[in-house]
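Beneath this line is the structure, given in structure tokens, with notes to follow.
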Amino acid sequence: MPNWKVLSTDYDAYYAAEILLVEPEKADAIDAIVDADEDTNENDSIMSFRVTSEGGYYTAIMNGQEGKQIGQVFQNPISFPDEDGNYHQNSSSVGINQGYSFNFPDDPHPMGNRQFLFGKDDKMIVFNEIVMHATGPFAKFIGAILSEEVVSNDPNYVADITVAVPTSTPDPDTTGNDAYIREEGATYDFRITANGGFYDPIQSVNGEGKLEQIGECFQNPVYTYSGNRVGTNQGYAFIFPVTNFTREMTMGNRVFPLQNGTLNVFNEIIVKATGIYSEFTGGRFKEVIVSGNPDFVSEITLIPPSFNQKEEDGDAEKEDNVESAEKEGDGNEGASMTSGGDSVLLAPTLFGLGVLSLLQSMF
């Protein structure tokens, strides 16, 4: 993960820092998964804890134009249950749940980034509901998916969180297929449209005291090539100044709850895929805008990770599909994060599978 060295804290003049990228210890994570497969003690492979807003910090993220809340920034104490699995009101805090998230209509999927801090060096960094990095005794949970159950919203927010050590066993498939198969004759995997979706601008007050859009939240229906509704595209993104190296909107976080699986996407990298889409974990997510008016419409192509292509060097058809996916489009390549209004494009990301390092740098 990146190590930061601040060179200047005179923010009125400039901010400067040096970043050192440290290669992740992948072997440790793999060993943890192997150990979990052999571990017969369920108590060692499952951890539960509780977070509460009581004694914590909370501030709302507002849509300035309409004056409504669209998200939140939070920092909440963590407590562990006793030996019988019970929580006590006066239990001492064992850590901090710190992060931010955005709100969506009828949202069963957490959308945001957070970290659980348990000590000086012990932590879990979470992208949406996926443990992307962990240290100390929590390293065995890397790659796990959090389960969060809200116990109370009034007078205090209380939620119980459970995380289990991931195993090397593939995700169960409920369709009878070993993996996702693109429809015959299809030139892409999914189509997204703003028609029938949800859109909310993220705004801030600029130096002139006026509201300025700095990002957006969106929730749109997802269809197959043949036009069947199979899920939802939900996420948020932020707007940045355009340079020679960037386009306007990036830092996008999206989740696709689909039939028989889920995709968690950061910019154009598939951070985690489940169900029949599991093979696309670590792959790329290619989006081509085909319409911006009257409704935003885009076509999505899923590209498996490069190491899978190399392993399947005898599978000429699969390689041809990937190559054609790379060449598709009319100049609108890159992932668009917008679901309404003007269409804004992303430049393809440069970090490939280094998304973990970038996510960790946020904290």
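Every number here is computed from the coordinates shown, using simple stated rules; none is lab data. Quick caveat, the model's predicted, so the values are computed rather than measured. Cβ atoms come from the backbone with ideal geometry, glycine included; neighbour counts cover every protein chain shown.
Between the amide H of ASN76 and those of TYR57, ASN97, GLN98, distances stay under 5 Å, these residues lying 5 or more places away or on another chain, with hydrogens modeled in the peptide plane. Once you reduce the stretch 215-278 and the stretch 77-145 to the center of their Cα atoms, the two points are 24 Å from each other. Each peptide among 118-125, 98-105, 70-77 gets the average number of other Cβ atoms lying within 10 Å of its residues, and from highest to lowest they stand as 70-77, 98-105, 118-125. Under 5 Å from the amide H of ILE70 lie the amide H atoms of ILE61, MET62, ASN63, each residue being 5 or more positions distant or on a separate chain, with H modelled from the backbone and absent for Pro and chain starts. Taking amide H positions as modeled 1.01 Å from N, with prolines and chain starts lacking one, the residues under 5 Å from VAL230 and 5 or more places away or on another chain are VAL222, TYR223, THR224. So what is the relative contact order for the stretch 202-249, in percent, with contacts set as C-alpha pairs under 8 Å and at least six apart? The normalised contact order for the stretch 202-249 reaches 28 percent.
For the residue pairs LYS140/LYS272; LYS68/LYS120; LYS68/LYS272; LYS120/LYS140, alpha carbon separations beyond 26 Å are given by LYS68/LYS120; LYS68/LYS272. Stick to the Cα atoms of the stretch 186-300, pair each with every other, and give me the Kirkwood hydrodynamic radius in Å at one decimal. Roughly 15.3 Å, rounded to one decimal.
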